Amino acid sequence: MASERILIVDDEPGVRTALEGILRDEGFTVATAASGEEGLEALASTPADAVLLDVWLPGMDGLETLLRLRERRVDAEVVMISGHGTIETAVKATRLGAFDFIEKPLSLDKTLVVLRNALRQRRLERKNRHLLDQLARDTEIVGHSASAERLRAEIAAAAEADAPVLLVGERGAGRETVARRIHAASSRAGEGFAVIPCAALDEGGAARALFGEGGTPSRFAMAAGGSVYLEEVERLPAALQERLAAQVERAHEQVRLLASVAPEASTLRGALRERLDVLRLTLPPLRDRREDIPANAERYLRELSREYGRPGKRLSPAAMAALRAADWPGNLRELRHAVERAVLLSSGDTIGVEDLPEAVGGVAERGEDLYGTFPSLAEGLAAFERAYVRRTLAAARGDREEAAQRLGMSEADLLRRLDRLSLS
């Protein structure tokens, strides 16, 4: 690991020499400058992790240099040093973004302690920025369908409010992702985010998570000031739903409540439903926004290829067509798993249909070779469309009205499509 780089800006040669020797002995990479102008020039060519900056400099003084550093968004912690320090100067330096202020004659021990604290602060801030960037990527709603655009707008509106939110959607449709996105975009973003997986806990475990027990704090207490996400809250036993309904009313000032339910959550009790169902967001299943499948598949392909050290992979047109044609009862989660499997099993740079799970790629039925080489992508897509419509009709036992509902079209549109695909 490369050593951290320190820039010393001081017009006294003795101070520069002494500090440079000590810091090099401590394992730092050190550069020096005799003026503010020289320091700015040095930073423009070679970034530093921290700057030891004298206040009293010829020409541009230390405070003016500090101001220029901040205007240029130099990513370095700055420690001010001065032989004529005043409280006023220290306060002004702090307001301009200095990490700390130390006086001459310098105590080398104190200088090292302050410098190490400054570098630790910089590392923490960079790590925090990285985590926030990662969170933004992880909670991104990918796609440009009308449903995706609507959901993004609703998330933004929900984030501005501080009322409970009820997320209605199927498993795998991204309910936790949306909950985290709302939290990350809200005024509570800097506080905790706790998840209570109601369906995965037995009654005792759910009670401990919700209300605490035997000195163990509840998730509400652990996330104080932040948000609590109640996943599949309708799966809680009736008695716990009643207790939770009473707690929700009391907990509003303490935490932001986010909860998810299945589309047909008839077991969510009246009092609890009333208190949680203030802002409702409905998440569309993936089959209802098929135009977003390619963008999500490509996103997962990039992320997983990087994670498994297999860069450069791509989906063949036939594989992408198969992904678009699949039913995806597990929604985005199932799509991610399918792409992950393909990344791990595919031997070359191109992922073909044969690398996809059978449930996704196995629409080559009744002897029809859908995955051969087609003269054009349009002909390949038409072949997949034919197989998909035929399979839907089979699942609906030949009932065209039911098949049309499954396909998201009118029965008249289905009849026209059957005729066009020579399936009538």
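For a quick check of your reading: which helices (runs of 4 or more DSSP H) sit entirely within the range 268-348 and have at least 2 residues that are of a type in the set (D, E, K, R)?
Numbers: elements: 270-276, 293-307, 317-325, 331-345.
Passing ranges, in order: 270-276, 293-307, 331-345.
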The range 365-424, residues that are at pLDDT 80 or above and small (Gly, Ala, Ser)
ALA403, ALA404, GLY408, SER410, ALA412
3 or more residues more than 21 Å from the chain's Cα centre (by Cα): qualifying helices (runs of 4 or more DSSP H) within the range 145-236
203-211, 219-222
Applying the selection to the range 1-30, what residues are under 40 Å from the mean Cα position of the chain (by Cα) and open to solvent by 20 Å² or more (accessible area, probe 1.4 Å)?
MET1, ALA2, SER3, GLU4, ARG5, ARG24, GLU26, GLY27, PHE28, THR29
If I filter the range 392-421 down to residues being in contact (Cβ under 8 Å) with a residue 12 or more places away in the chain and outside any helix (DSSP H, G or I), which single residue comes out as most open to solvent (accessible area, probe 1.4 Å)?
GLY408
Residues that are modelled with pLDDT under 85 and either surrounded by fewer than 19 Cβ atoms within 10 Å (Cβ to Cβ) or β-branched (Val, Ile, Thr) (or both): does the range 332-347 have at least one?
yes
I need every pair where a residue in the range 180-202 that is closer than 16 Å to LEU244 by Cα has its Cβ under 7 Å from the Cβ of a residue that is assigned to a loop (DSSP other than H, G, I, E, B), sequence separation at least 6 or different chains.
ALA194/ALA223; CYS198/GLU232; CYS198/LEU236; ALA199/GLU232
Given (1) in contact with a Phe, Trp or Tyr (Cβ under 8 Å, 6 or more places away or on another chain); (2) at pLDDT below 90, where does ARG180 come up short, assuming only one miss?
(2)
Checked pairs for the range 158-178, first in contact (Cβ under 8 Å) with a residue 24 or more places away in the chain and within 22 Å of ASP327 (Cβ to Cβ), second hydroxyl-bearing (Ser, Thr, Tyr) and surrounded by fewer than 18 Cβ atoms within 10 Å (Cβ to Cβ), C-beta under 7 Å and 6 or more apart or across chains, list as VAL168/THR282; GLY169/THR282
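Somewhere in the range 84-104, is a residue open to solvent by 20 Å² or more (accessible area, probe 1.4 Å) and on the phi > 0 side of the Ramachandran plot?
As a first pass, look at the range 84-104 and keep what is open to solvent by 20 Å² or more (accessible area, probe 1.4 Å): 84-92, 94-97, 99-101, 103-104.
Then drop every residue that is not on the phi > 0 side of the Ramachandran plot, which leaves 97.
Looking for residues that are open to solvent by 20 Å² or more (accessible area, probe 1.4 Å) and on the phi > 0 side of the Ramachandran plot, one finds at least one in the range 84-104, hence yes.
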Kindly check whether there is at least one residue in the range 247-262 that is of a type outside the set (Lys, Arg), in a loop (DSSP other than H, G, I, E, B), open to solvent by 70 Å² or more (accessible area, probe 1.4 Å) and over 22 Å from ALA189 (Cα atoms).
no
Out of curiosity, is SER187 more than 23 Å from HIS337 (Cα to Cα), at pLDDT below 95, polar (S, T, N, Q) and open to solvent by 10 Å² or more (accessible area, probe 1.4 Å)?
yes
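Which of the following residues is more than 16 Å from ARG180 (Cα to Cα) and at pLDDT 90 or above: VAL248, VAL233?
Working: VAL248 fails: at pLDDT 90 or above.
The match here is VAL233.
The values are calculated or read from the model by the stated rules, or taken from the named source; none is laboratory data. Here the structure is a predicted model, which is why all the values come from computation and not from measurement. Backbone-built Cβ (ideal geometry, glycine too); neighbour counts: all protein chains shown. Only protein heavy atoms, including side chains, enter the accessible area calculation; ligands, DNA and RNA are left aside. Shrake-Rupley method; radii C 1.70, N 1.55, O 1.52, S 1.80 Å.
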